[in-house]
Amino acid sequence: MSAKRKKGSSTASKTAKAKKVTSRANKSSAKSSAKSSAKGKSAGARKAVPQTEMISVPEVLPVLPTKDMVAFPSVMMSLHVGRAASIKAVEHAGEKNALILVVAQRNADTENPTSKELFSIGVVANIVRTLRLPDGRYKVLLQGIVRARVTEYKNREGITYATIVPLAPMEVKRLSAQDEAIINRVRENLQVLVEHEHLPEEMLVVTQDISDPGVLTDVIVAHYKLDIDYAQAILEELDPLKRIRTCDSMISDDLSRLLVSERIRDQARDEMTKGQREFFLREQVKQIQRELGEEAGDADDLKQLRQALEKVKLPDFARGEAFKQLSRLERMHAESSEYAMLRTYLEWVADLPWTTTTDDRLDLKRAKRILDADHYGIEKAKDRILEYLAVRKLNPESKGPILCFVGPPGVGKTSLGRSIAHALDRKFFRMSLGGVRDEAEIRGHRRTYVGALPGRILQGLKSCGSRNPVFVLDELDKVGADYRGDPSSALLEVLDPAQNKDFRDHYLNMPFDLSSILFVATANTMDTIPDALLDRLEVIYISGYTTDEKVHIAKKYLIPRQRKENGLENFKFSIDDSALLYVIERYTHEAGVRNLERELGSLLRKVARGVANGSKPKKLISTRDVTALLGNTKFDPDSNEKRDLVGLVRGLAWTIYGGEMMPIEASIAAGKGSLNLTGQLGSVMQESAQAALFYARANAEQLGIDPKFTDSYDIHIHVPGGATPKDGPSAGITIGTALVSALTQRKVSKEIAMTGEITLRGNILPVGGLKEKALAALRYGITKIIIPFENIKDIEDIPKEQRARIKFVPVKHISEVLEIALLPGRGKTRRIGPKKLKRGGSPLTAEA
């Protein structure tokens, strides 16, 4: 409902200090109640009251703002007043002449409305009675007297006052036949609404003796809970005939909605009666068919379902619940919506492997052969799997930890789970958790929902047909959370051996034993796995493959598989080792072998196309053939800068995809000492740069740097590859070396790469991923690596072949790094002065 706000006119003089107006109302008293509040939460009675005497209305009155109601003349209202300003206004009015202006505020959420937030037309009301409540609020009984227009709002001593002009009610000299019909229709519709208990019976008592159409409208509208703007528009309409027409439209709409709802209710009641009658008739038909030996098809299905539930060995608690629900199903109508839902539930109960298991084959030698045949390298992970199997052989009741393989993509984490299942002769199920954000994916939906299903844990057990499979939770680090819940929290119960014995799926709503499942989790990183979940896992890190390992894997696994997939098994040809190495180094850039297999597949598809066209493949595919078939190389390790330069240091980084070379550049130019960091660096890496700069400032004399270099030069540190975010503390000594090189104009050796965290005092702290970083250095032809002294123990993780080709230089302090990495200049190390560095020139090309 909506109504346009209309402005009335006032004939009262604005110069008089007090005005006298006559408010006419019918001589009937009201007995109805309505909800209203100056604070938004109050209830009271509104009554039509007679007001025939002349009342003197002052020009200025205190204001009582109301939140969710609009006051009307000729109506008595009961309000709860709780706001401090409103309490003061009521007390002030009670001390003066007991008159107050009741005005609605535009926004009910505003606690202290300003003059702009109050409407300009309100109702002058007389305070009949006030009652102080124990909580400090007032219960106020008000009698509406006359409309009034506000010309100005003012605030004094915490009370809002309004300068007003009373709006005398317009007299209706004579009613037309149409107006009489409207008033009669309003009374008749009120009668119907009261008879249907839509309005209280007191409404008829309130309105039966009111003849003035304006007063009648005010009384009726005051008893309706209307939108503030709509009710205010009715209040501002001064023409009583227009107001009664608006009231007629409002009541007619209300009556129409009531009649429609009554008709819908009657139809629903009739449909229910019809459904009950059909149910009894169908039951009689079933009884007749049973007597004749002609049971319906549904009965046969339910009989098969009962046999399936009796056949499966259910636990006692599950058996009692299942047959209880089956009894309900047999008494239920087949076309009922609950029938299909309950039948599906019982079918799930019958299909789950409550007691079905497979026998473990705990032959350690056989298991080792399977693991070696399926995976090359990753000895640490395979040893841990064999240890797990050995414990299971000695103590079959042992639950053991839950293994979590963490490593770069393509290193065989998921296939390790499949190999474990093969070695144990268990069923295998892989559950991908990547992008899962709904807790119901783990725990299932409540079966009251349409289309509800159990969680993917029970779905996997049903597909395996065994309650002790090898269950791989793939991509555990990519589980998300949103308004539908946190799946990682649901996994806490699943992966805890002390809790998963009584795992309760929301759909099944009965405990199910998951303790026999061998869970194996995989992830690319541990950073996004919640700590509580990580605490339940034994993490086994699988690092990336070396180049030699990739060559062996390609020969033993990838090439034979791609030959078979591309139909080249019966053709005799081979790929030269140098060509295979060329594919690994120039066409792939990864820690695993997934892209390598993709490139080899592309290579063999080119060969297959030639064979399909009638040509014979070459017996030996060389490096030149690789370039011709695969096109230009994608990665070129020789493309990196191979010169000794000032301010360019080769750092080593570690990502979830393996090790990377990360060159860091430092440059200086005339300025005022600002430090600029670019290359999309994270907060930790930026802090490392600030620590390195402070070390250079604190030790400028020892380093041969002008102590006041920050007053004359700006420093810019850049890490190429700006589209890739970079973070972590391990680039600390790299940034520090580049910074000192730029400030002293000493070149950095191109033969050295480095990694390590730096402190303010120049000490070097250990870092992670040394194996991946060392392999990345080898990939780029660097064989001398500066590492933190505490990382010496990690050298053992690097394969012997690669370890023998690298010279590791352990250091404890940045001074050792500078002594090793910086090449000597012309004689003694010099300070930088304005004449030593050309403005606009690049220190990367300056001579030391």
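The values are calculated or read from the model by the stated rules, or taken from the named source; none is laboratory data. Keep in mind the model is a prediction, meaning the values are calculated, not measured. Neighbour counts are summed over all protein chains in view; Cβ atoms, including those assigned to glycine, are modelled from backbone coordinates with ideal geometry. Areas reflect the complete protein model, heavy atoms only, side chains present, ligands, DNA and RNA absent. Shrake-Rupley method; radii C 1.70, N 1.55, O 1.52, S 1.80 Å.
In the set (1) without any contact (Cβ under 8 Å) to a residue 60 or more places away in the chain; (2) under 18 Å from LEU458 (Cβ atoms); (3) open to solvent by less than 20 Å² (accessible area, probe 1.4 Å), LYS501 fails one condition alone, (3). Given the structure, is GLY762 under 22 Å from GLU665 (Cα atoms) and in contact with a Pro (Cβ under 8 Å, 6 or more places away or on another chain)? It is false that GLY762 is under 22 Å from GLU665 (Cα atoms) and in contact with a Pro (Cβ under 8 Å, 6 or more places away or on another chain). Only residues that are open to solvent by less than 50 Å² (accessible area, probe 1.4 Å), outside any loop (DSSP other than H, G, I, E, B) and either under 15 Å from LYS139 (Cα atoms) or in contact with a Pro (Cβ under 8 Å, 6 or more places away or on another chain) (or both) were counted across segment 74-84, and they come to 6. With respect to ILE668, is the statement that it is surrounded by 24 or more Cβ atoms within 10 Å (Cβ to Cβ), hydrophobic (A, V, I, L, M, F, W, C) and not in a loop (DSSP other than H, G, I, E, B) true? So ILE668 fails the test. Taking segment 388-432, which residues are at pLDDT 85 or above, within 19 Å of ILE457 (Cβ to Cβ) and in a loop (DSSP other than H, G, I, E, B)? ARG426, LYS427 - these are the residues of segment 388-432 that are at pLDDT 85 or above, within 19 Å of ILE457 (Cβ to Cβ) and in a loop (DSSP other than H, G, I, E, B). Of the helices (runs of 4 or more DSSP H) that lie entirely inside segment 680-755, those containing 2 or more residues that are of a type in the set (A, V, I, L, M, F, W, C) span 683-698, 700-703, 732-744.
What do you reckon, is SER622 surrounded by fewer than 17 Cβ atoms within 10 Å (Cβ to Cβ), under 30 Å from LYS747 (Cβ atoms) and of a type in the set (S, T, N, Q)? It is false that SER622 is surrounded by fewer than 17 Cβ atoms within 10 Å (Cβ to Cβ), under 30 Å from LYS747 (Cβ atoms) and of a type in the set (S, T, N, Q).
Would it be correct to say that ALA591 is open to solvent by less than 20 Å² (accessible area, probe 1.4 Å), in contact with a strand residue (DSSP E or B) (Cβ under 9 Å, 6 or more places away or on another chain), under 24 Å from GLU660 (Cα atoms) and modelled with pLDDT under 80? Here the answer is yes, as ALA591 does meet what is asked.
Listed here are the residues, each with its yes/no results for (1) of a type in the set (Phe, Trp, Tyr); (2) closer than 15 Å to VAL626 by Cβ; (3) touching a Cys at 6+ places or on another chain (Cβ under 9 Å); (4) crowded, with 20+ Cβ neighbours inside 10 Å.
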{"position": "LEU537", "(1), (2), (3), (4)": "no, no, yes, yes"}
{"position": "TYR545", "(1), (2), (3), (4)": "yes, no, no, yes"}
{"position": "TYR557", "(1), (2), (3), (4)": "yes, no, no, no"}
{"position": "ARG561", "(1), (2), (3), (4)": "no, no, no, no"}
{"position": "GLY567", "(1), (2), (3), (4)": "no, no, no, no"}
{"position": "PHE571", "(1), (2), (3), (4)": "yes, no, no, no"}
{"position": "LEU580", "(1), (2), (3), (4)": "no, yes, no, yes"}
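Scanning segment 710-734 for residues that are open to solvent by 30 Å² or more (accessible area, probe 1.4 Å) and touching a helix residue (DSSP H, G or I) at 6+ places or on another chain (Cβ under 6 Å) yields ASP727, PRO729.
Across segment 177-228, the number of residues qualifying as part of a helix (DSSP H, G or I) and of a type outside the set (Lys, Arg) comes to 34.
Using the structure shown, decide if ASN676 is surrounded by fewer than 16 Cβ atoms within 10 Å (Cβ to Cβ) and assigned to a strand (DSSP E or B). So ASN676 fits the description; yes. Identify the residue in segment 662-714 that is free of Cβ contacts under 8 Å to residues at least 60 places away in the same chain and among the acidic types (Asp, Glu) and, among all such residues, is farthest from ILE733 (Cα to Cα). Result: ASP711.
Give ALA71, ALA93 a once-over and let me know the one that is closer than 14 Å to VAL140 by Cα, open to solvent by less than 20 Å² (accessible area, probe 1.4 Å), at pLDDT 85 or above and assigned to a loop (DSSP other than H, G, I, E, B). Exactly one of ALA71, ALA93 is closer than 14 Å to VAL140 by Cα, open to solvent by less than 20 Å² (accessible area, probe 1.4 Å), at pLDDT 85 or above and assigned to a loop (DSSP other than H, G, I, E, B), namely ALA71. Only one of the numbered conditions (1) farther than 21 Å from HIS445 by Cβ; (2) open to solvent by 40 Å² or more (accessible area, probe 1.4 Å) is violated by ASN524, and that is (2).
Residues in segment 527-548 that are part of a loop (DSSP other than H, G, I, E, B) and of a type in the set (A, V, I, L, M) were compared, and the one that is nearest to TRP654 (Cα to Cα) is ILE542. If you check ARG149 against the conditions, is it among the basic types (Lys, Arg) and buried (at least 16 other Cβ atoms within 10 Å of the Cβ)? Yes; evaluated as a whole, the condition is true for this residue. Considering segment 738-757, and only residues there that are within 29 Å of HIS589 (Cα to Cα) and among the hydrophobic types (A, V, I, L, M, F, W, C), the residue that is nearest to the chain's Cα centre (by Cα) turns out to be MET754.
Scanning segment 626-654 for residues that are touching a helix residue (DSSP H, G or I) at 6+ places or on another chain (Cβ under 9 Å), within 26 Å of LEU818 (Cα to Cα) and either modelled with pLDDT under 85 or assigned to a strand (DSSP E or B) (or both) gives PRO637, LEU645, VAL646, LEU648, VAL649, ARG650, GLY651, LEU652, ALA653, TRP654.
Going through (1) touching a strand residue (DSSP E or B) at 6+ places or on another chain (Cβ under 7 Å); (2) modelled with pLDDT under 85; (3) surrounded by 17 or more Cβ atoms within 10 Å (Cβ to Cβ) one by one, GLY444 falls short only on (1).
The set of residues in segment 144-168 being outside any loop (DSSP other than H, G, I, E, B), within 19 Å of GLY94 (Cα to Cα) and not hydrophobic (A, V, I, L, M, F, W, C) consists of GLY144, ASN155, ARG156, THR160, TYR161, THR163. Within segment 125-143, the set of residues being in a loop (DSSP other than H, G, I, E, B) and open to solvent by 70 Å² or more (accessible area, probe 1.4 Å) comprises PRO134, ASP135. Taken over segment 735-763, the criterion of being open to solvent by 10 Å² or more (accessible area, probe 1.4 Å) and touching a His at 6+ places or on another chain (Cβ under 9 Å) is satisfied by ARG761, ASN763. The condition of being surrounded by 11 or more Cβ atoms within 10 Å (Cβ to Cβ), under 30 Å from LEU190 (Cβ atoms) and at pLDDT 80 or above holds for only one of ARG243, ARG319, ARG306, that being ARG243.
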